[in-house]
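What follows is calculated from the coordinates using simple rules that are stated; it is not laboratory data. Keep in mind that this is a model prediction, so the values were computed, not measured. Note: ideal-geometry Cβ built from the backbone for every residue, glycine included; neighbour counts use all protein chains shown.
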Amino acid sequence: MVPTAVVAQPVPSDAELGHPSLYLNRELGWLDFNWRVLQQARDERHPLLERVRFIGITCSNLDEFYQKRVGGLKRQEIAGLTTLSLDGRHASEQLRLIRSATRVMQDTITDVWEDDLRHRMAEEAGVVVSVYSDLAASQREQLDRHFIDHIYPILTPLAVDPGHPFPLISNLSLSLAVQLRHPSRGTSHFVRLKVPTTGGRWLRLAESRHAHEFVPIEEIVRNNVHLLFAGMEVESVWAFRVTRNADISRDDEETEDLLALVSEELRERRFAPVVRLEVEAGIPDEPLDLLLRELELGHEDVVHIRGLLGLDECEFFASLDIPRHRFPPWEPLSPHGFGHSTDMEEERSIFALIRSGDVLVHHPYDAFNTTVQRLVEEAANDPAVVAIKQTLYRTSEGSPIVRSLIRAAEAGKQVAVLVEVTARFEEVRNIGWAQVLEDAGVHVTYGVMGLKTHAKVVLVVRYESGNPRVYCHIGTGNYHARTAKLYTDIGLLTADQTIGADVVNLFHFLTGHAPDQQYRELVVAPRDMRDRFVELIRREVENQRRDGNGKILAKMNALDDSVIIPELYRASREGVRIDLIIRGHCRLRPKLPGFSDNIRVRSLIGRFLEHDRIYTFHNGGDPEVYVGSADWRDRNLDRRVEAVISVKRVSIRDRLLETLELALRDNRLAWEMNADGSWTQL
């Protein structure tokens, strides 16, 4: 068991299915997911440096939570909105519960780092994170010289007084609050000093008895800060860090230029309200009160931290080349026929391989570069290919996919790419890719107004025997070469012409104006996906009533849809067996007598981030299996363009069912959810 953030409410025996007590809070449920991530840092079965990586991931997650979720709730609170969450709570109550839960989480993060992992790194891996005062005199001299030569010239002390307004403090940047005193006048002065971490947070010591010894940059600045203030006395120096709201309101309907709107939003974020102030424990009242006043925060928004701030940057240590303290390298395999050919066999084109039958790819177990990436690369080079269309939500630096799309456009092929420029925290990169693609002659669309395009689809049109033939990839994951090695994702490569026609229609909707586009095999949100899933759930109810074999087995990232959850409760009441594998938050309460006795919820947390979405319905013994980009969430079903596809090939369908059954039998990564929203590690 780990601490529980959600606060379950008693359920009246006569509660209707919309009663708030039947639902858990989304934001608190997300914190419970982060507790499961943090537990990986405490799990001694993991290699040491991988545990350190999980500390960094936990902190990065928490930063994003404050920017998006807390930022949004604070905006609601300021606006005086009285809208209640599905579990019946207004914004102020949710913020109160979040503050209480995140303080416990932050204290635990600090304890795990300061009292356990930091010491273990030194003792077991020879990786030492030192404090300036503990260093030998010769090491301090080395750091002092480094400060003078490399840090001093780029520092910009910013005083705060009537002649110097309080400076802009950028989001998640590390700063020092310097309290000065004039020796003759006795006056007190405040200076903000930004810690320069562009070149890295951790400075390696050249002279050390340890294999790897580092000092945080802020330690070097703190202990040389007096050199910046000739004629003044330094009274104290305290580290602090601000988090700004990233939940900026956007009026897609009124704008005439989505790219300009997103660019303006990025500028606004730099000045967005601060939602959290992290400070070193022990900071005196005088500098703290000044920060609170200038940042327009209350004491409830302050997080006091015993030790280092910004532990998201601990992921650096997990990348050190110390193999015995890291996961063994993972090498994905290529599906049969997709790898490089030997001298004894002729390599078949990817189009021939796909024509021979639909192909399931399951990353990171199946290689991305020899399957999905290869499809785009071969399409770019094949003179028979006349068109390539693709959605891009997130992609990697130096993306081989983007390079291939550029090469295809330069070769005169029709290339159309929907780049989702509103993908949270990917806006700058996606705008950059969009501009690069446009410069190469690619037809770039920036998204559908009012909707975020989250569907993962590639379409290739190839002339064969004088006629066009369509090849497609429909998946759950981003076209991102790096995360394809870290996330579990499913993709279907197909030459089915009915599916191909649907994908053609989808791109006509995405790049043109066709809101009533029709689809035969593809299920698209927000058009008809929720209705389709509701229909499938209700069919299992009918099968249960008739034959007693209703069963639903699904895997997704999160569950919070206000229509799907009541349907699952109804199905459970009728006796349908429901197994849900949910990585993140879940607003449904399993195992509630009279409501969800037949619902079991599990979560898998481990080395690979579980990102695939698979939905299976027993269908009286002839299972229907769907894969695609959407979770059972309000945002996916109402406010995003999503695509899922029914898997027709029996061998692929059976493999997906087996994958889910194996996940249910997992006793290493699995957690099980209890009726009160708490989680038990199996």
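At full extension, Glu574 and His443 could sit 42.1 nm farther apart than now, given 0.36 nm per residue minus the alpha carbon distance.
Candidate cross-link partners of Lys413 among the aspartates and glutamates, defined by an alpha-carbon separation under 20 Å and a same-chain spacing of 8 or more, comprise Glu377, Glu378, Asp382, Glu438, Asp439, Glu464. Per-residue Cβ neighbour counts within 10 Å put Thr445, Thr511 in the sequence Thr511, Thr445, beginning with the fewest.
Database remark: amide H of Val641 closer than 5 angstrom to the amide H of Lys452, Thr453, His454, Ala455 (H placed geometrically; neighbours at sequence offset of 5 or more, or on other chains; Pro and chain starts carry no H).
Please work out the Kirkwood hydrodynamic radius for the stretch 529-681, using every pair of different C-alpha atoms, and report it in angstroms with one decimal place. Roughly 15.5 Å, rounded to one decimal. Give me the percent of DSSP beta bridges within the chain that run antiparallel, rounded to the nearest 5. Looking only at bridges with both residues in the chain, the antiparallel portion is about 70 percent.
Counted over all Cα-Cα pairs of the stretch 350-518, pairs farther apart than 29 Å make up 12 percent. Taking all Cα-Cα distances within the stretch 86-176, those exceeding 21 Å account for 66%.
The order of Ser100, Ser404, going from fewest to most other C-beta atoms within 10 Å of their C-beta, is Ser100, Ser404. Working note: Karplus 6.51/-1.76/1.60 with θ = phi - 60° gives the stretch 515-525 the couplings x, 9, 4, 9, 9, 9, 10, 6, 10, 10, 9 Hz, where Gly and Pro are set to x.
Across the stretch 46-325, counting alpha-carbon atoms alone, Rg and Dmax equal 20.8, 63 Å.
Is the stretch 25-142 rounded, prolate or oblate when judged by the Cα gyration tensor, a ≥ b ≥ c being the square roots of its eigenvalues, rounded requiring a/c under 1.5 and prolate requiring a/b larger than b/c? Can you show the working numbers first?
Details: a/c = 3.84, a/b = 2.16, b/c = 1.78.
It comes out prolate by the Cα gyration axes.
Using the average count of surrounding beta-carbon atoms within 10 Å as a protection proxy, the listed peptides 284-296, 554-566, 525-537 rank, highest first, as 554-566, 525-537, 284-296. A crude spin-label estimate for the pair Val104 and Arg635, with each label 7 Å from Cα along the Cβ direction, gives 2.5 nm.
In this rough spin-label picture, where each label sits 7 Å from Cα along the Cβ direction, the Phe271-Asn381 distance is 5.1 nm. Here the contact order of the chain, divided by its residue count and restricted to Cα pairs under 8 Å and six or more residues apart, works out to 12 percent.
Along the positive direction of the dipole of the chain (beta-carbon charges: Lys, Arg +1; Asp, Glu -1; about the Cα centre), which of Asn549, Val460, Tyr446 reaches farthest? Farthest along the dipole direction, towards plus: Asn549. Simple rule: put +1 on each Lys or Arg Cβ and -1 on each Asp or Glu Cβ in the chain, find the dipole, and look at Ala101, Gly88, Pro590; the Cα lying farthest toward the positive end is Pro590.
For the stretch 166-233, the equivalent ellipsoid built from the Cα gyration tensor has semi-axes of 29, 17, 7 Å, listed from largest to smallest. Counting only lysines at least 8 places from Lys648 when in the same chain, those with an alpha carbon closer than 25 Å to its own are Lys389, Lys456, Lys551, Lys555. Here the contact order of the stretch 273-345, divided by its residue count and restricted to Cα pairs under 8 Å and six or more residues apart, works out to 32 percent.
The magnitude of the dipole of the chain, with charges of +1 and -1 set on the Cβ of Lys/Arg and Asp/Glu and taken from the Cα centre, is near 760 debye.
Sorted on the mean count of surrounding Cβ atoms within 10 Å across their residues, most packed first, peptides 620-630, 369-379, 348-358 read 369-379, 620-630, 348-358. The 3J(HN,Hα) values that the Karplus relation (6.51, -1.76, 1.60; θ = phi - 60°) gives for the stretch 503-513 are, in residue order, 5, 4, 5, 4, 5, 5, 5, 5, 9, x, 10 Hz. Gly and Pro appear as x.
When both the stretch 134-151 and the stretch 635-650 are represented by their alpha-carbon centers, they are found 57 Å apart. Hey, could you get me the Stokes-Einstein D for the chain, Kirkwood radius over alpha-carbon pairs, 4 °C and 1.567 mPa s, rounded to whole µm² s⁻¹? So the translational diffusion coefficient is about 47 µm²/s. Computed over every Cα-Cα pair of the stretch 355-398 and binned at 10 Å starting from 0, the pair-distance distribution P(r) comes out as 20, 51, 27, 1 percent.
Put in order of Cβ neighbour count within 10 Å, fewest first, the listed residues Trp632, Trp433, Trp330 become Trp330, Trp433, Trp632.
The stretch between Ser138 and Asn619 holds 165.8 nm of extra length on full extension. This uses 0.36 nm per residue minus the Cα-Cα distance.
How large is log10 of I(q)/I(0) for the stretch 361-458 at q = 0.12, 0.15, 0.24 Å⁻¹ when the intensity is taken from the Debye formula with one equal scatterer per alpha-carbon? Debye intensities relative to I(0), on a log10 scale: -0.37, -0.58, -1.31. Estimated from the Cβ-Cβ distance and a Förster radius of 35 angstrom, the FRET efficiency linking Gln497 and Glu16 is about 0.15.
When the helix-only estimate is applied to the chain (DSSP H runs of n ≥ 4, each -39,500 (n - 2.57), divided by the residue count), what is the mean residue ellipticity at 222 nm, nearest 500 deg cm²/dmol?
So the calculated ellipticity at 222 nm is -9500 deg cm²/dmol.
Take the Cβ atoms of Glu286 and Ser465, set R0 to 60 Å, and the FRET efficiency comes out at 0.15.
The slack between Gln435 and Asn549, meaning 0.36 nm per residue of separation minus the straight C-alpha distance, is 35.7 nm. Mark the label point 7 Å from the Cα of Ala352 along Cα→Cβ and return the residues of the stretch 304-337 whose backbone N is within less than 16 Å of it. Those under the cut-off are 336-337. Here the stretch 472-551 and the stretch 42-84 have alpha carbon centers that stand 30 Å from each other. With r defined as the distance between the Cβ atoms of Asp321 and Arg209 and R0 fixed at 25 Å, what FRET efficiency is calculated, to the nearest 0.05? It comes out at approximately 0.80.
Out of every Cα pair in the stretch 505-560, what percent are spaced more than 13 Å from each other? The share of Cα pairs beyond 13 Å in the stretch 505-560 comes to 70 percent.
Annotation for His119 and Glu233: the two label points, set 7 Å from Cα along the Cα-Cβ direction, are 3.8 nm apart. I'd like the GluC sites (Glu not before Pro) in the stretch 17-104 restricted to DSSP loop residues with at most 15 other Cβ atoms within 10 Å, sorted by number. Those satisfying the criteria are Glu44. Phi-derived couplings, Karplus 6.51 cos²θ - 1.76 cosθ + 1.60 at θ = phi - 60°, listed residue by residue for the stretch 209-215: 7, 9, 5, 9, 10, 10, 10 Hz, with x used for Gly and Pro. Summary value for the stretch 350-518: 29 percent relative contact order, contacts being C-alpha pairs under 8 angstrom separated by 6+ residues.
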